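Worksheet: one structure, shown below.
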Amino acid sequence: RIYDILIPRDHIFRRMNEEIDFSFVRKELEDKYSAGMGRSAEDPVRMFKYLMLKAMHPASDEDLVKRAYTDMSYKFFLGLNPEDDVIDPSLLSKFRRQRLQDVDLLNLLISRSVEMAISKGIIKRKSDLIVDATHELSAFKVYSPLDYMKKMCLQISKACEPFWCNDFDRSLIPDLPCTDEKEDMKEYCWKLIGNLERSGMAQIPAISSKVNLLKEGLEDMEQYRVVSRDGDARFGNKGNGKTFFGYKAHIGMTPESIIVSATVSSGEVSDGDYLIPLVEQAKRNGLSVESVIGDTAYSGKENLDALKGSVDVVAPLNPVISQGNRQGNSGFHYNKDADAYVCPAGEMSVRKEYRKPRTKKRDENGKVTQQYCNEHITYQFDVKKCKDCPLKEGCYKGGKTKSYTVMILSETHKEQIEFEKTPQFKQKIKLRKRIEPLNAHLKNNLGMKQNISYGIESMTMQTAVAIYMSNIRKIMKFEG
């Protein structure tokens, strides 16, 4: 055969076809296809391989299919003959959005690759877990509320142009407000929507889609400061005043760089909130976690208490992460990169003040002249933003300042400080740096850097295929 000449024995596509049983894809998706209705569907295994190729060589659906038509290695991997035709690009989009809907693809692919790594002896069931989070970008632009309203009103006006007649008069589009005040523009938008709905123009498909987008944007403004077509993406902080708009991939891997647990969240969440879920997922995938290794974001008091006695938390302690004696979840979380606290609305503190501990003092008559005070740090926020914040109720009380104070060093952290002095901690913390090149590889080489569509489901699917490809490549590398 021509493939025996063109595709070497050690080619990655030949090895993958020979060593990986892809039938699990067919079993997982069998309820998505009807055996007795419609024409024969494209093999789901082949469709899944298209997604793998997309992760290995990031490209649009159309460019990927074009390359598959002329690249013999692609056709060999897809199980096609050299003269066979390829799919229409739209079919790959439908497979990704419809057939894989409601399938926990991320956990499925991780569990399959981890099972393979364990069976081949590449990783042991008793292992350390290295954790980290890396940011992923949204594909869509972010607008301020005022810019978004102006943009959508202009689009609606243009969409109405072909339909002006005796039944639909131009007077349905009111005059724009004279000011650039957000509330005036919002009132104008609702007036425009009301006019179009009462007249029946909002029932025209070309107009209704844009009216619905404007409605969604107006509703988002009640909770968020910005508007984007990607409704699941949020602003996150990378430190040094840098922000990104998108998501976070939370990853747990073994020292052999095999990813055993992962999840995707919006960009504003704290890394430390996902430590326990990553550990639990790794256990479900067959690992007995001895210790979890991460940066300072994972050494929060809640994590140390939750894993105490079962898993060692090898994470450098930063005392300001501790919530001290605070009760419940306030919604504020510490950003290790910026050394600042982030409020529930996603705004970062602008400065901090350190207060030394004070002991209680009494005068000669026994009257208290100085109250006892623990060592603490107070983080100050921008009051101008607090006054306009959609989440200010119950948070900002109308004062001249808005601050958040944390006590330093709880009893749990005192125990962690003693653990940091041990040779075991000093030896294992060196393993943490191994996850950094893996993050860069996933983003730059396997398509995790930016969402190709919109929504957290799309980003999770992209992440799932990228992680699966990373694990498969690592397994083959260990086998020589």
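The values are calculated or read from the model by the stated rules, or taken from the named source; none is laboratory data. Predicted, not measured: the structure shown is a model, and the values here were computed from it. FYI the Cβ positions are ideal-geometry reconstructions off the backbone, even for glycines, and counts take in every protein chain you see. All accessible areas refer to the heavy atoms of the entire protein, side chains included, with ligands and DNA or RNA removed. Shrake-Rupley method; radii C 1.70, N 1.55, O 1.52, S 1.80 Å.
Per the conditions (1) among the small types (Gly, Ala, Ser); (2) under 18 Å from the mean Cα position of the chain (by Cα); (3) surrounded by 23 or more Cβ atoms within 10 Å (Cβ to Cβ), the sole criterion not satisfied by residue 266 is (3).
When 280, 219 are checked against the criterion of being in a helix (DSSP H, G or I) and over 22 Å from the mean Cα position of the chain (by Cα), a single residue qualifies: 219. Of the residues that make up the stretch 16-23, is at least one without any contact (Cβ under 8 Å) to a residue 24 or more places away in the chain and surrounded by 13 or more Cβ atoms within 10 Å (Cβ to Cβ)? Taking every residue of the stretch 16-23 in turn, none turns out to be without any contact (Cβ under 8 Å) to a residue 24 or more places away in the chain and surrounded by 13 or more Cβ atoms within 10 Å (Cβ to Cβ).
Would you check if residue 109 is in a helix (DSSP H, G or I), more than 30 Å from residue 335 (Cα to Cα) and open to solvent by 20 Å² or more (accessible area, probe 1.4 Å)? Spell out the reasoning first.
Values: in a helix (DSSP H, G or I): yes; more than 30 Å from residue 335 (Cα to Cα): yes; open to solvent by 20 Å² or more (accessible area, probe 1.4 Å): no.
In short, no.
Number of residues in the stretch 244-273 that are closer than 20 Å to residue 449 by Cβ and outside any strand (DSSP E or B): the value is 5.
Looking only at the stretch 393-441, which residues are hydrophobic (A, V, I, L, M, F, W, C) and within 29 Å of the chain's Cα centre (by Cα)?
395, 406, 429, 431, 435, 438, 440
Of the residues making up the stretch 42-61, none is open to solvent by 70 Å² or more (accessible area, probe 1.4 Å), modelled with pLDDT of 80 or more and either closer than 26 Å to residue 457 by Cβ or not polar (S, T, N, Q) (or both). Hey, could you check the stretch 173-207 for residues that are in a helix (DSSP H, G or I), over 21 Å from residue 146 (Cα atoms) and without any contact (Cβ under 8 Å) to a residue 40 or more places away in the chain and say which is least open to solvent (accessible area, probe 1.4 Å)? The qualifying residue least open to solvent (accessible area, probe 1.4 Å) is 202. Pairing each residue of the stretch 111-134 that is farther than 20 Å from residue 299 by Cα and in contact (Cβ under 8 Å) with a residue 12 or more places away in the chain with any residue that is of a type outside the set (Val, Ile, Thr) and part of a strand (DSSP E or B), provided the two are 6+ apart or on different chains, yields C-beta distances under 8 Å for 125/288; 126/288; 126/290. How many of the residues in the stretch 129-175 are at pLDDT 90 or above and of a type in the set (Lys, Arg)? Qualifying residue count, the stretch 129-175: 0.
For every residue, the table says whether it meets (1) in a loop (DSSP other than H, G, I, E, B); (2) under 28 Å from residue 295 (Cβ atoms); (3) open to solvent by less than 10 Å² (accessible area, probe 1.4 Å).
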{"position": "97", "(1), (2), (3)": "no, no, no"}
{"position": "122", "(1), (2), (3)": "yes, yes, no"}
{"position": "129", "(1), (2), (3)": "no, yes, yes"}
{"position": "133", "(1), (2), (3)": "no, yes, no"}
{"position": "141", "(1), (2), (3)": "yes, no, no"}
{"position": "147", "(1), (2), (3)": "no, no, no"}
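When you go through 62, 83 one by one, which is the residue that is closer than 29 Å to residue 440 by Cα and among the charged types (D, E, K, R)?
Numbers: 83 fails: closer than 29 Å to residue 440 by Cα.
The match here is 62.
What do you reckon, is residue 448 within 19 Å of residue 53 (Cα to Cα), outside any loop (DSSP other than H, G, I, E, B) and in contact with a helix residue (DSSP H, G or I) (Cβ under 8 Å, 6 or more places away or on another chain)? Taking the combined requirement at face value, the residue does not satisfy it.
For the stretch 360-392, taking the residues that are under 28 Å from residue 299 (Cβ atoms) and modelled with pLDDT under 80, the one that is farthest from the chain's Cα centre (by Cα) is identified as 372.
Scanning the stretch 47-85 for residues that are more than 20 Å from residue 17 (Cα to Cα) and among the aliphatic types (A, V, I, L, M) gives a single hit, 59. Of all residues in the stretch 439-480, those that are more than 23 Å from residue 234 (Cα to Cα) and open to solvent by 20 Å² or more (accessible area, probe 1.4 Å) total 8.
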